[in-house]
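Student: Okay, handing you the structure first.
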Amino acid sequence: MGDPATTRDLESRLEGFRTELTGYCYRMLGSAFEAEDAVQDTMVRAWKSLEKFEGRSSLRSWLYRIATNVCLDMLNAGNRRARPMDLTAATPVTQAQLTARPEITWLEPVPDGRVLPSVADPADTTVERESIRLAFVAALQHLPPKQRAVLILREVLAWKAAEVAELLGTSVASVNSALQRARATLGEYDPSDSDPADPLDQEQQKLLERYVAAFEGYDMQALTALLREDATMSMPPYDLWLRGHDDIVGWMLGVGEVCRGSKLLPTVANGSPAFAQYHPSQDGEGYEPWALIVLEVAGGRIGAMDFYLDTKRWFPLFELPERLSAGG
């Protein structure tokens, strides 16, 4: 480790795993920021222990073992991140109240580029993207931590049972049993498939263009024509969520009327189409951040709109502009 060239090589090799490790930790923890903290801790531990790494396993396997232990330690506090629909029933718009919950409660969105490494096989890309969708990561949070690790390693990352058993210091039989239980639990929460969104096909692109036109024009008839009848809308950090056209429109034309006149800037989050929403500035000069909107598209329509309102937290993470000019 005294040779500068060797040190640079090791640093480069460790950094080469950062994105995929961040994706793994994000699925485990449900937080983009905690995932990055976990990976940084993993890298520090790995660097300090390199002299103990004897090459009996691959560098990748060794790093995943460290990352798993870091995540299990972080999950010992017992906090499970969730979406509003995991915590309360849908609220009729006539009874809607905005009640904020602490940041630690919420499942957090993540930019695709932070967690999806470049892979050559399109099939692998599809699996990776599906497994960071908000609904899927929310379902993962219902699993005990070790079952969560087993399911991610086996089903998402396609590790062999023997490899997972070695990583966790357990038997193949225990891994297979944990996987069976994890699948059963996951099935109860039905993280239903969404339409593939990489790249967007022509119909999806038209859908999103119509969504932008309807939202920016605040045309509720046009907007609801794009939504599934059972579409949901949530607004973390508030635990309120709405289901169905009538309640969503009732909200948008009531308390949500403040969104009128907004501009949308496209981005991607959690393998799904997303938009940065900018609201007319109070000083009358341009537009300022209002929400990060993550959409779930299924069957050619929008099934969910999640509005993440803590823009001071999300816009820098997604490298979004601090404001838009009057020309948009």
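Student: Taking the stated definitions as given, is residue 14 open to solvent by less than 40 Å² (accessible area, probe 1.4 Å) and either assigned to a loop (DSSP other than H, G, I, E, B) or closer than 24 Å to residue 170 by Cα (or both)? Before the answer, list the steps.
Tutor: Details: open to solvent by less than 40 Å² (accessible area, probe 1.4 Å): yes; either assigned to a loop (DSSP other than H, G, I, E, B) or closer than 24 Å to residue 170 by Cα (or both): no.
Considered against the rule, which asks whether it is open to solvent by less than 40 Å² (accessible area, probe 1.4 Å) and either assigned to a loop (DSSP other than H, G, I, E, B) or closer than 24 Å to residue 170 by Cα (or both), residue 14 comes out as no.
Student: Next question, about the same structure. With respect to residue 89, is the statement that it is farther than 21 Å from residue 25 by Cα and at pLDDT below 90 true? If you could, list the steps in order and put the result at the bottom.
Tutor: Numbers: farther than 21 Å from residue 25 by Cα: yes; at pLDDT below 90: no.
No, not satisfied.
Results for (1) part of a loop (DSSP other than H, G, I, E, B); (2) at pLDDT below 95; (3) in contact with a strand residue (DSSP E or B) (Cβ under 7 Å, 6 or more places away or on another chain), shown as yes or no for each residue.
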residue: 180; (1), (2), (3): no, no, no
residue: 195; (1), (2), (3): yes, yes, yes
residue: 203; (1), (2), (3): no, yes, no
residue: 214; (1), (2), (3): no, no, no
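Listed here are the residues, each with its yes/no results for (1) within 30 Å of residue 257 (Cβ to Cβ); (2) open to solvent by less than 30 Å² (accessible area, probe 1.4 Å).
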| position | (1), (2) |
| --- | --- |
| 59 | no, yes |
| 64 | no, yes |
| 74 | no, no |
| 81 | no, yes |
| 85 | yes, no |
| 88 | yes, no |
| 97 | yes, no |
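Student: Then there is this: Going by the conditions given, is residue 320 in contact with a Ser or Thr (Cβ under 8 Å, 6 or more places away or on another chain), part of a loop (DSSP other than H, G, I, E, B) and either touching a residue at least 40 places away in the same chain (Cβ under 8 Å) or among the small types (Gly, Ala, Ser) (or both)?
Tutor: On the way: in contact with a Ser or Thr (Cβ under 8 Å, 6 or more places away or on another chain): yes; part of a loop (DSSP other than H, G, I, E, B): yes; either touching a residue at least 40 places away in the same chain (Cβ under 8 Å) or among the small types (Gly, Ala, Ser) (or both): yes.
Yes.
Student: Against the conditions (1) surrounded by 13 or more Cβ atoms within 10 Å (Cβ to Cβ); (2) assigned to a loop (DSSP other than H, G, I, E, B); (3) not polar (S, T, N, Q), where does residue 222 fall short? Just the number, please.
Tutor: Against the list (1) surrounded by 13 or more Cβ atoms within 10 Å (Cβ to Cβ); (2) assigned to a loop (DSSP other than H, G, I, E, B); (3) not polar (S, T, N, Q), residue 222 comes up short only on (2).
Student: I'd like to know if the stretch 125-132 contains one or more residues that are in a helix (DSSP H, G or I), free of Cβ contacts under 8 Å to residues at least 60 places away in the same chain, open to solvent by 30 Å² or more (accessible area, probe 1.4 Å) and within 30 Å of residue 252 (Cα to Cα). Steps first, please.
Tutor: If we filter the stretch 125-132 for residues that are in a helix (DSSP H, G or I), which is where we start, we get 125-130.
In the following step, the residues that additionally are free of Cβ contacts under 8 Å to residues at least 60 places away in the same chain were identified as 127.
Imposing the further condition that a residue be open to solvent by 30 Å² or more (accessible area, probe 1.4 Å) reduces the set to 127.
Going one step further and asking which of them are within 30 Å of residue 252 (Cα to Cα), we end up with none.
Looking through the stretch 125-132, none of the residues is in a helix (DSSP H, G or I), free of Cβ contacts under 8 Å to residues at least 60 places away in the same chain, open to solvent by 30 Å² or more (accessible area, probe 1.4 Å) and within 30 Å of residue 252 (Cα to Cα).
Student: Only one residue in 272, 262 is open to solvent by less than 50 Å² (accessible area, probe 1.4 Å), under 22 Å from residue 229 (Cβ atoms) and either touching a helix residue (DSSP H, G or I) at 6+ places or on another chain (Cβ under 6 Å) or not hydrophobic (A, V, I, L, M, F, W, C) (or both), so which one is that? Let's see the steps before the verdict.
Tutor: Numbers: 262 fails: under 22 Å from residue 229 (Cβ atoms).
It is 272.
Student: I want to confirm something. Restricting to the stretch 298-312 and keeping residues that are under 15 Å from residue 275 (Cα atoms) and either in contact (Cβ under 8 Å) with a residue 40 or more places away in the chain or within 14 Å of the chain's Cα centre (by Cα) (or both), which single residue is most open to solvent (accessible area, probe 1.4 Å)?
Tutor: Here the answer is 310.
The values are calculated or read from the model by the stated rules, or taken from the named source; none is laboratory data. In this text, all values refer to a predicted model and were calculated from it rather than measured experimentally. Neighbour counts run over all protein chains shown; Cβ positions are idealised from the backbone, glycine included. Quick note on the areas: whole protein, heavy atoms, side chains included, nothing else; ligands and nucleic acids left out. Shrake-Rupley method; radii C 1.70, N 1.55, O 1.52, S 1.80 Å.
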